1. Quick check: from the Cα gyration tensor, does the range 1-116 come out rounded (a/c under 1.5), prolate or oblate?
2. Of 13, 21, how do they rank once you tally other Cβ atoms within 10 Å and put the fewest first?
3. Just for the range 1-131, what percent of DSSP beta bridges are antiparallel, to the closest 5?
4. State the extension gain, in nm to one decimal, for the chain segment bounded by residue 24 and residue 49, taking 0.36 nm per residue of separation less the distance between their alpha-carbons.
5. Arrange the following residues from fewest to most other Cβ atoms within 10 Å of their Cβ: 135, 84.
6. For the range 1-53, rounded, prolate or oblate, judged on the Cα gyration tensor with a ≥ b ≥ c (square roots of eigenvalues), a/c < 1.5 rounded, else prolate if a/b > b/c?
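Read-outs: derived from the displayed coordinates by stated rules, not from any lab. Because the structure is predicted, anything quoted here is derived from the model rather than measured. Quick reminder, even Gly has a Cβ in these numbers, built from the backbone with ideal geometry, and neighbours come from all protein chains shown.
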């Protein structure tokens, strides 16, 4: 990935070991982790301060199931691309909360790589391409109807 653009990434995850492992993986893949937040307030403040390109957002944070609200605000107010990371995809709203996709927890390196490729391409893969269970993109139709596209 060294020939591709380095993304500035915010990790929003309240389980510190998961956050540190993800931070390390993202750095190994050539990206800059510009912050780690464990609560919605911290995530929104960091998002405004560090202006990330991408945020990996867990749905359930230290202050409760506030990740969807964080995703909506980061996407709509700050233009941040958001990917959810969750073990419970049922909590993702029908409008996807402004996110581009979801990585299932426990995540895999392959799932994170696919998610990064998807974001960096700026468009969904062709339908005939193989999908994995670790990363599910929401698709361009969903994104056009999301707050992120406005």
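1. In terms of gyration-tensor shape, rounded.
2. On the way: 13 25, 21 15.
Placing the least packed residue first, the sequence is 21, 13.
3. On the way: 1 of 19 bridges.
Of all bridge pairs located within the range 1-131, approximately 5 percent are antiparallel.
4. Values: separation 25, 0.36 × 25 = 9.00 nm, distance 2.16 nm.
That pair, residue 24 and residue 49, stretches by 6.8 nm at full extension.
5. Working: 135 23, 84 30.
If I rank by nearby Cβ atoms, fewest first, I get 135, 84.
6. oblate
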